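Notes follow the structure.
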Amino acid sequence: MATGYLIIQARAAHDALPLKGVQIWIMDDQERRVYHVITDESGETAKIALETLDRSLSLDPTFTGTPFISYDVLALADGFNTVHIVGIPILDGETAIQPIEFVPMQNTQRTPTVTEIQIGAPAVSMTGDRDQEGPDTEPRVLRQVVIPNPITIHLGSPNASASDVQVSFPDYVKNVASSEVYPTWPDASLRANIYAIITFALNRIYTEWYRSRGYNFDITNSTAYDQYFVYGRNIYESISRIVDEIFNEYVRRQGQTAPYFTSFCNGTTATCAGLSQWGTVTLANQGQDPLQILRSYYPRDVEIAETNIITGILSSYPGTALKVGSTGLDVQTIQTYLERIRRNYPAIPAITDEAGVFGESTRAAVARFQSIFNLVSDGMVGKATWNKLSYLYTSVTRLAELDSEGTSLGIGTVPPSTVLRLGSSGQDVITLQYLLNVAAEFNSTIPAPAQDGNFGRETQQSVTAFQRAAGLEPDGMVGPLTWRALYNTYLGADNVIPPGTDAGFTEYVVRSGDTLWRLAQRFNTTVDAIKSLNGLTGDNLSIGQVLRIPTAGTSGGSYFEYTVRSGDTLWQLAQRYNTTVDAIQNLNGLSGSNLNIGQVLKIPSAGATPAPYFEYTVRSGDTLWLLAQRYGTTVSAIKNLNGLSSDILNIGQVLKIPGN
């Protein structure tokens, strides 16, 4: 028998939370347990060797069987719903990487539910026809070719009532390539197929093929209309490395801007006017390179172009790789990203180099980050590493922002009694939008609406997606059942965000004129507190130096970080967070009112913290009245803190009791 490999990654909140200690059982197709493994502090298992079939079978277009052995995975994590993945294809000599997106249990759940993901064979082995339609001539909808990050995929045919999911564009391409073809194919063949997959998707974006027809998604996962995408499936290391290298490159005709409509089919059981997937293997074996292969199926004047316009990226890639010896603001940026990501991924070593200087400790931190996220571990920050750092930094800071924002909004445990619908506005809508943002952070099928206090189509779409995920009637209105489900989701997520995710401090880059005394005054802390947190022995600061500024436990001067989204203004943010435009401007050193999407703002917090409480497990004979008497509180206080509507208690129930 041949051998393939499997690595499992257990994470939540768009990779912001690695889950340590997850119990993983790997089973064969007879449900016999083959391995039991546990994830490490980065949420990852060791590489597991598994028996499979000989590699040659997946290279033979005439072989009609299944050229691999499939395995199932059962994953259990405390505080999260269970995930069962069926049919992970393991191929000879290839490493399958299985990411698992865990969703927190709702606060009222006694036992976890089980989410089942079916993978199965790739599209190249399917017998169905492909009827991919595209523009006949060069379309002119968008002015530029843009990488959508995230891309929205409809999990069904265009008119089907199905969920939409949002993933990063590189992850989408890796998923599609792993779902369409075999990772064992020659490098030139894989690259030609991946170029076709990238270009097909970018053509859908550029022409607004679906959005111009009134749909709220960019592409479908239907092989009849688009290309195959299996939400939650594994990807292959060989495919992942190629995608990281070329995800922003695409096929176009010379003299044109638009991505060419790169239709394709397997070329054996289905034929088409575009690329033959199996045919690329033959051409690669004949020595043709990817562009020659593409020109065999598309016009002879097609070429490979590149776009560096990527939405959702905080800072654009500088164009050349950063490595030992590099200096400047770009180096300082990635050092800041790594130090923040390191709070959630402690396996990344600390950076001791001077700010803006790429030394040995920066190289070590980059290399460890790359190994955790399946990038080439060369210690240099190229295009793929830069964008992954930006994506992870956005994820971890977004999670910390949401955690702080809940306190600022005073969410509590008792939902509003209002019924909200399309056209509603006000503070309860802001609360609704915040809760939807929390749910979206842990569930990619829920789009995150802007928090503008107006219940528009975007919020309605998010409500409907949440209701569908929660098993409620998806009517797009927010009544008592939806409010309660939102609060249970929020409280369940709050239970799994580890203490210290926001770490009690924020990072500040020293500017001209800064002194420790001025920073202490600005952030309502003390010089000694800043010096102690940063290990400083003197008062001298350097421009570009990254300082940790205490934010927890301050009196009225703390803040949280907020990433600017479409539609945000300083006035709206000031109203939303009960502060003033001047306070936001002063805290961020702003001289005007202009904001940029992706900009990270510091928002002043009232410094209030939730009322203290401890947890108590209900025993036989307990009543709310007895507990209130025992701990010097009231029945109403206990009920409000726990969101209880009755006085009935269950043995083993965990209650929050007001007090220290």
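With θ set to phi - 60°, apply the Karplus curve 6.51 cos²θ - 1.76 cosθ + 1.60 along the range 291-308 and write out the HN-Hα couplings as whole Hz, x wherever there is a Gly or Pro.
Ordered by residue, 3J(HN,Hα) equals 5, 4, 4, 4, 6, 6, 10, 10, x, 5, 9, 5, 9, 9, 10, 9, 10, 10 Hz.
Give me the extension gain from Thr108 to Ser163: residue separation times 0.36 nm, minus the current Cα-Cα distance, reported in nm with one decimal.
Between Thr108 and Ser163, full extension yields 17.3 nm more.
Along Cα→Cβ, 7 Å out, is where each label goes; now give me the distance between the ones at Asn285 and Ser645 in nm to one decimal.
According to this spin-label approximation, the distance is 6.6 nm.
Calculate the FRET efficiency for Glu306 and Val141 from the Cβ-Cβ distance with a Förster distance of 22 Å, rounded to the nearest 0.05.
0.65
Once you've got the Cα coordinates, tell me which of Lys388/Lys531; Lys47/Lys656; Lys47/Lys323 are over 30 Å apart.
With Cα atoms farther than 30 Å apart: Lys388/Lys531; Lys47/Lys656.
Relative to the longest principal Cα axis of the chain, at what angle does helix 383-409 sit, 0 to 90 degrees, rounded to 10?
30 degrees
Against the longest principal axis of the chain, how steep is helix 457-470, in degrees 0 to 90 to the nearest 10, with axes from Cα atoms?
90 degrees
Spin-label point model (7 Å from Cα, Cβ direction): what's the Asp54 to Glu133 distance in nm?
4.6 nm
Out of the DSSP beta bridges found with both residues in the chain, what percent are antiparallel (nearest 5)?
Of the beta bridges lying entirely in the chain, close to 75 percent run antiparallel.
Remind me, relative contact order of the chain in percent, using alpha carbon pairs under 8 angstrom and six or more residues apart?
10 percent
In nm, to one decimal, how far is the modelled label at Arg457 from the one at Asn495, with both set 7 Å along Cα→Cβ?
With each label point 7 Å from Cα toward Cβ, the separation is 3.8 nm.
Only counting other Cβ atoms within 10 Å, I'd like Val37, Val429 sorted with the fewest neighbours first.
Val37, Val429
Taking N as the number of residues in the chain, what value does Rg over Cα atoms divided by 2.2 N^0.38 Å take?
With N residues counted in the chain, Rg over 2.2 N^0.38 Å equals 1.01.
For Asn586 and Arg211, what is the calculated FRET efficiency with R₀ set at 51 Å and r taken between the beta-carbons, to the nearest 0.05?
Approximately 0.80, to the nearest 0.05.
For the chain, give the magnitude of the charge dipole about the Cα centre (Cβ charges: +1 Lys/Arg, -1 Asp/Glu; no others), in debye to the nearest 20.
Dipole magnitude for the chain comes out near 1100 debye.
Using the count of nearby Cβ atoms within 10 Å as a rough guide to exposure, how do Leu57, Leu481 rank from fewest to most?
Leu481, Leu57
Normalised by the number of residues in the range 244-303, what is the relative contact order in percent for Cα pairs under 8 Å and 6+ residues apart?
The normalised contact order for the range 244-303 reaches 31 percent.
Relative to the present Cα-Cα distance, how much length would full extension add between Lys531 and Arg548 at 0.36 nm per residue of separation?
5.2 nm is the gain from fully extending Lys531 to Arg548.
Could you order the peptides 269-282, 186-199, 8-21 from most to least packed, using the average number of other C-beta atoms within 10 Å per residue?
Ranked by mean Cβ neighbours within 10 Å, highest first: 186-199, 8-21, 269-282.
What does the extension gain come out to for Val324 and Ser620, with contour length at 0.36 nm per residue minus their alpha carbon separation?
Here the segment from Val324 to Ser620 would lengthen by 100.1 nm.
Taking N as the number of residues in the range 2-119, what is its Cα Rg relative to 2.2 N^0.38 Å?
Ratio of Rg to 2.2 N^0.38 Å for the range 2-119: 1.15.
Hey, what angle do you get for helix 360-372 against the long axis of the chain, alpha-carbon based, 0 to 90 degrees rounded to 10?
Result, in degrees: 70.
Please report Rg (one decimal) and Dmax (integer) in Å for the Cα set of the range 151-306.
Here Rg and the maximum Cα pair distance are 14.8, 45 Å.
If you project the alpha carbons of the range 329-401 onto their three principal axes, what span does each projection cover, largest first, in Å?
Principal extents (largest minus smallest coordinate, Cα): 30, 25, 22 Å.
Quick note: the coordinates plus some simple rules give every number you see, no bench work behind them. Quantities reported herein were computed from a predicted structural model and do not represent experimental measurements. Note that each Cβ is placed from the backbone with ideal geometry, even for glycine, and that neighbours are counted across all protein chains shown.
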